[in-house]
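Accompanying notes for the structure given below.
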Amino acid sequence: MGSYISKRGFTFDYVNAFHLEKEKLKEKLINNDILSVVIPTTLYVSADPIIEIVKFIKCYNSKVKIIIGGPFILNHTFHVDEDSELSLIFKNIGADFYVCSSEGEMALVNVLNGLKYGYDISNIKNIVYKEGGKYLKTIIEKEDNCLKENKIDWQSFNKENIGDILSIRTAKSCPFSCSFCWFPQRAGKYKFLSVDDVEQQFNEIKDIGSVTTLNIIDDTFNVPPDRFKEILKMMIKNKYNFKWNSYFRCQYADRETIELMKESGCEGVYLGIESASNKIFKNMNKNAKKEDYIKGIELLNEYEIINHASFIIGFPGETDETVLETIDFIEESKPTFFRTQLWYCDHITPICKQKDKYGILGSGFQWAHDTMDVERACEWIDYIFTSVKNSNWLPQNSFDYFSIYYLQRRGMKKEQVIESSKLFNELVKNKMNRQGNYEELIGKLRKTCEF
């Protein structure tokens, strides 16, 4: 984002993490001549932390304009049918402008130009803006910013502030059309950088000197498979001094690919498996088979690459029998970490266009269909958490997938991260089952976390 607006005539400053750099942000708000503050929402799943940031900004600079964009805002723009309800949500958050696009950089620059030169804001596409106490939505249409032309300019960032962990994207959108996901329809055609362009970006990151971990946040880094192998060979050739992790389509794993991943510095992957029932795969429009996932996880484990398998419980067509298939799969394949999450009934996803076929009722986390309801799905999720023995549960919030690598960079060994998550889960299970032994487990957990 900073590189994008810099190329279009604006200067920028930043803080990396609000909760860790409040004093730094306070100083900038008080002492600097700031036109606006932009808040991305990539990792936010609720409004509370966003509201906290907005209130903090207004406390120290009441004149600055606050602009918020990213997935949290986009989701609300398309999920809320009534403009009055959307206006209420945005009023509660308290910003001046909201960018409503899966990309949004162009809309952001247009808002900045409007603020700086006094242009008519109402003509800017893909935003919600405040006027007379109300929030008004402009025309929403797809924004398409070329990846190659808008790559990150690492030279514009202070090396001391970059730190040791970076996130980078080499592609946008997703080549698949899973029926539980609306993202590809909103993000447009799947596009990716060439291997040469990826190499240039990685070389620039290497030259920073401080980066030890690269979070590659492409929705599907290993597709197309041939491009993925060429990137791995390029990384091996350049002998980069950072480790990396990514999202990974496990059904495309073969021994050559896993060997290249290991040699190139891969330390972990996130697997969006979603189910272990071929019946549910068909309902999800996932072109995969359980057997392919088992083979892929076996290879990842063999080469000691951390793998985190994510599953959805309660998808239309789900039954007690298909959930048991997923449980058996977890126990058999033994992913390093796993998580089962409740299906979210989102009416803009493709599956909800088949609501009559599956008897889908309700929305969000309040739903039922012909073969399961939300209460039964929640019972299964609790059961899976307390019963699975051969993998470690990893929560969705507060300690997620990227925390695995963050802790290792701070000094914990991989084995410590795994064991500490196991012990913490045992504590939670004991609490759920109202069993004792808390002090002994807490003592073990404390000792495991020493480094």
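Read the figures in this text as sums done on the coordinates, not as results from a lab. These figures come from a predicted structure and were not determined experimentally. Cβ coordinates were reconstructed from backbone atoms using ideal geometry, including for glycine residues, and neighbour counts include every protein chain displayed.
Determine one quarter of the surface area of the Cα convex hull of the chain, which equals its mean projected area, and express it in nm² to one decimal.
22.6
Number of Lys-Lys pairs in the stretch 249-336 under 14 Å by Cα, sequence gap 8 or more or different chains? Could the numbers behind the result be given before it?
Values: 279/289; 279/290; 282/290; 290/334; 295/334.
So the count works out to 5.
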Translational diffusion coefficient of the stretch 154-410 at 10 °C, 1.306 mPa s, Stokes-Einstein with Kirkwood Rh over Cα pairs, in µm²/s as a whole number. 82
If I take all pairs of Cα atoms in the stretch 123-207, what percentage of them are more than 17 Å from each other? 65
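Can you give the translational diffusion coefficient of the stretch 2-137 in µm²/s, computed by Stokes-Einstein from the Kirkwood radius over Cα pairs at 25 °C and 0.890 mPa s? Walk me through the intermediate numbers first.
On the way: Rh = 15.3 Å.
Translational D for this selection: 160 µm²/s.
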Can you compute the charge dipole magnitude of the stretch 2-137 about its Cα centre, using +1 on each Lys and Arg Cβ and -1 on each Asp and Glu Cβ, nothing else charged? Give it in debye, rounded to the nearest 20. 400
Does anyone have the angle between helix 105-117 and the longest principal axis of the chain? Alpha-carbon axes, 0 to 90°, nearest 10? 20
Cleavage-rule hits, trypsin sites (Lys or Arg not before Pro), the stretch 95-201, DSSP coil, Cβ neighbours within 10 Å at most 14: 142, 148, 189
Just list whichever of 137/191; 151/237; 189/422; 191/233; 159/229; 65/142 have alpha carbons separated by over 32 Å in the model shown. 189/422
Counting Lys and Arg as +1 and Asp and Glu as -1, each charge on the Cβ, what is the dipole of the chain about the Cα centre in debye, to the nearest 20? 860
Restricting the stretch 223-262 to trypsin sites (Lys or Arg not before Pro) in coil, as DSSP defines it, with at most 16 other Cβ within 10 Å: 239
Counting other Cβ atoms within 10 Å of each Cβ, which trypsin sites (Lys or Arg not before Pro) in the stretch 355-404 have at most 16 and sit in a DSSP loop? 389
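About its Cα centre, how strong a charge dipole does the stretch 308-451 have in debye, to the nearest 20, once Lys and Arg get +1 and Asp and Glu get -1 at the Cβ?
On the way: 18 positive and 21 negative charges, 170 e Å.
Charge dipole, the stretch 308-451, about its Cα centre: 820 debye, nearest 20.
Taking R0 as 41 Å, what's the FRET efficiency between residue 357 and residue 145 from their Cβ-Cβ distance, rounded to 0.05? List each step's numbers first, then the result.
Working: r = 37 Å, r/R0 = 0.91.
The calculated FRET efficiency here is 0.65.
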Hey, what D do you get for the stretch 177-235 in µm²/s if you plug the Kirkwood alpha-carbon radius into Stokes-Einstein at 10 °C and 1.306 mPa s? 119
To the nearest 10 degrees, how steeply does helix 83-93 sit against the main Cα axis of the chain, on a 0 to 90 scale? 90
Considering only DSSP beta bridges where both residues belong to the stretch 2-137, give the percentage that are antiparallel (nearest 5). 50
A correct Kirkwood calculation over the Cα atoms of the stretch 168-272 returns a hydrodynamic radius in Å of 14.3
Order by protection proxy (mean Cβ within 10 Å, highest first), peptides 29-35, 196-202, 433-439, 273-279: 273-279, 196-202, 29-35, 433-439
For the stretch 49-61, in residue order, the Karplus 3J(HN,Hα) values (coefficients 6.51, -1.76, 1.60; θ = phi - 60°; whole Hz; Gly and Pro = x) are x, 5, 4, 4, 5, 4, 5, 4, 4, 5, 5, 10, 7
For the charge dipole of the stretch 2-137, defined by +1 on Lys and Arg C-beta atoms and -1 on Asp and Glu C-beta atoms about the Cα centroid, which residue among 56, 71, 99 has the Cα displaced farthest towards the positive pole? 56
Antiparallel as a % of all DSSP beta bridges within the chain, to the nearest 5? 30
